[in-house]
Amino acid sequence: MAARLGNFIIFLILSVITLGIYPLYFFVTRQQDNTELLKEIRDELVKRD
């Protein structure tokens, strides 16, 4: 029973860590995509002028 409880606690800790890291990863990748799109838009506007 103690082994099951230990495994469950480890599972909970890893779940909290994973769920804490994912939003940061999501935010960073969205910012990178946004930056790339803005650069492309800027380059297209410079070409037209």
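Listed here are the residues, each with its yes/no results for (1) at pLDDT 95 or above; (2) more than 15 Å from the chain's Cα centre (by Cα); (3) part of a helix (DSSP H, G or I).
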site: 3; (1), (2), (3): no, yes, yes
site: 7; (1), (2), (3): no, yes, yes
site: 11; (1), (2), (3): no, yes, yes
site: 21; (1), (2), (3): no, no, yes
site: 26; (1), (2), (3): no, no, yes
site: 30; (1), (2), (3): yes, no, yes
site: 33; (1), (2), (3): yes, no, yes
site: 37; (1), (2), (3): yes, yes, yes
site: 40; (1), (2), (3): yes, yes, yes
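Restricting attention to the stretch 25-37, does a residue exist that is open to solvent by 100 Å² or more (accessible area, probe 1.4 Å) and of a type in the set (Val, Ile, Thr)? Taking every residue of the stretch 25-37 in turn, none turns out to be open to solvent by 100 Å² or more (accessible area, probe 1.4 Å) and of a type in the set (Val, Ile, Thr).
Taking every residue in the stretch 26-49 that is at positive phi and pairing it with any residue that is surrounded by 10 or more Cβ atoms within 10 Å (Cβ to Cβ) and assigned to a loop (DSSP other than H, G, I, E, B), at least 6 positions away or on another chain, yields no pair with a Cβ-Cβ distance below 6 Å.
The values are calculated or read from the model by the stated rules, or taken from the named source; none is laboratory data. Not measured: the values here are computed from a predicted model. Note that we place each Cβ from the backbone using ideal geometry, even for glycine, and neighbour counts take in every protein chain shown. The area values use the complete protein model at the heavy-atom level, side chains included, leaving out ligands, DNA and RNA. Shrake-Rupley method; radii C 1.70, N 1.55, O 1.52, S 1.80 Å.
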